[in-house]
Amino acid sequence: MSSPHRLGPNALLLEDEMLIALDFEDALLAQGFTSVMTFAEVQHARTWLETETPGVAIIDLHLRDGSSLELVGTLKSRGVPIIICSGERGDNFPVEVQNFPSFEKPCDSEKVAQMALSLVFRPAISAKPDADTTDVA
């Protein structure tokens with residue numbers, strides 16, 4: 001359970017298998033994510049994305065109501081890091097997602113969560129040397 005006083009990124013989890021989703025949620029919260037929004041259907045995720053942008057997205061390609069590929073473009077256009085977790089092998093992925101980090105299920109939720117955290121903070125780390133370091137008195 002997340003505390004209202006925790007600071008950290010949020011995650012979008014698209015997963016239609018409840019036990020897998022719960023395992024991923026626990027691992028993401030343990031890594032410091034403030035919240036995890038989990039959807040088993042593309043339609044519900046699409047509605048949420050109308051007003052929200054996650055810090056990272058972990059996506060199963062096949063949800064209850066169809067392919068989650070349509071959401072990849074939305075997330076990519078917003079600069080959201082994406083991890084694919086699927087029961088199919090990466091070389092069978094559609095071309096739109098072949099270059100994203102991926103895990104074949106069953107996979108270690110802790111490793112997925114660690115990768116998610118590293119992707120969220122990658123831009124901040126790479127931007128740090130260019131940041132203005134002028135002291136403000």
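The values are calculated or read from the model by the stated rules, or taken from the named source; none is laboratory data. These numbers come from a predicted model, not from an experiment. Methodologically, a virtual Cβ is constructed for each residue, glycine included, from the backbone with ideal geometry; neighbour enumeration extends over all protein chains shown.
Here are the numbers:
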{"item": "Tally of residues being closer than 17 Å to residue 40 by Cβ and surrounded by 15 or more Cβ atoms within 10 Å (Cβ to Cβ) across segment 76-104", "result": "3"}
{"item": "Residue within segment 96-104 that is among the aliphatic types (A, V, I, L, M), under 21 Å from residue 9 (Cα atoms) and touching a strand residue (DSSP E or B) at 6+ places or on another chain (Cβ under 8 Å) present", "result": "no"}
{"item": "Qualifying residue in segment 67-78 (condition: at pLDDT 90 or above, under 13 Å from the mean Cα position of the chain (by Cα), under 18 Å from residue 25 (Cβ atoms) and of a type in the set (A, V, I, L, M, F, W, C))", "result": "no"}
{"item": "Test: residue in segment 5-20 that is buried (at least 16 other Cβ atoms within 10 Å of the Cβ), touching a Phe, Trp or Tyr at 6+ places or on another chain (Cβ under 8 Å) and more than 20 Å from residue 114 (Cα to Cα)", "result": "no"}
